[in-house]
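What follows is a set of notes on a single structure, which appears directly below.
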Amino acid sequence: MQTSRLFEIIYLLLNKDRVTAKELAERFGVSSRTIYRDIDTISLAGIPIYTEKGKGGGISLLPDFVLNKSILSEQEQNEILSALQGLTQIQSADSDPVLQKLSTIFNKTAAKWLEVDFSDWSFEQEDYWGGFKTAILQKRVAEFDYYSSYSEKTHRRVEPMQLWFKSRSWYLKAYDLDKQDVRLFKLTRIRNLDVTDETFADRDLLETLPMSVVESKYRPDVHLRLLIKSEMAYRVLDEFAGYVEEQRPDGSYVVSICWPEDNWVYGMILSFGEHIEVLAPQHIRNIIQEKAKKIYKQYL
């Protein structure tokens, strides 16, 4: 919200000779002290803003200040508008009015260079992404039902920390109030989300750790060597870019990758059907063999 407010203050001052702190405070629903902090921030950014006390006083810009010529080059203006266009595509309500105002100030039309759609191709899902975004920004406790990789259903109360996109899936990193620790939740396994009115304070926990560190804390890693036939070349290119160890003369691929071991890994391997072979480790070969036998028996 502060970024939008700062730009709007500049926008208002470009169109008015003088505005009082009280007027700005009432407009934005904040205190006069907050407005004065905003003025300091604007001033530190190099914009010539000043205040006058007493009757007839207020907040003003120097008369000859012009935003698009004073501090931003043509390239910088385009980069700012492009960045804000990107933010509007991830549903940032704060960025859209800023984009419109800066487009007016710069006398430019922002190019619609990016479009993002978080929905699945196959079905419509509840807007959990938007719900968790709200919970994170407003620091509100969230409750939901969660299905583990073993189909176990549990009810969770969490303090949402971050949304992560990794390996074509969205995850929530949150402090689990029952487990008293940081946990990862795959958004597609979440049901019945409720963003409560209960708020929380920041916790100094695993917030700075990369996702791989948090993952490995809860699931052991397994180093896989996979032989994938040429018929699945499109999946190798889509899903294993950077992990191809070699391509054999018959067109098959040897892939080397490290994943946290769970039922998802077994399902991923089985999804290749007869077009894949686990070269190593042996215990994964055994697991896939047993699962394949069970599948075979179901069709006898």
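Bear in mind that the values in this text are calculations on the coordinates, not laboratory data. Bear in mind the structure is a predicted one, so any value in this text is a computation, not a measurement. Counting neighbours? That spans all protein chains shown, and the Cβs are built from the backbone with ideal geometry, glycine included.
Annotation: amide H-H contacts under 5 Å for Thr20 (H modelled 1.01 Å from N, sequence separation of 5 or more, or interchain): Ile59. The modelled label-to-label distance for the pair Glu26/Glu52, using points 7 Å beyond Cα in the direction of Cβ, is 2.1 nm. Between Leu279 and Arg225, Leu226, Leu227, the built amide H atoms are under 5 Å apart, and every one of these is 5 or more places off in sequence or on another chain.
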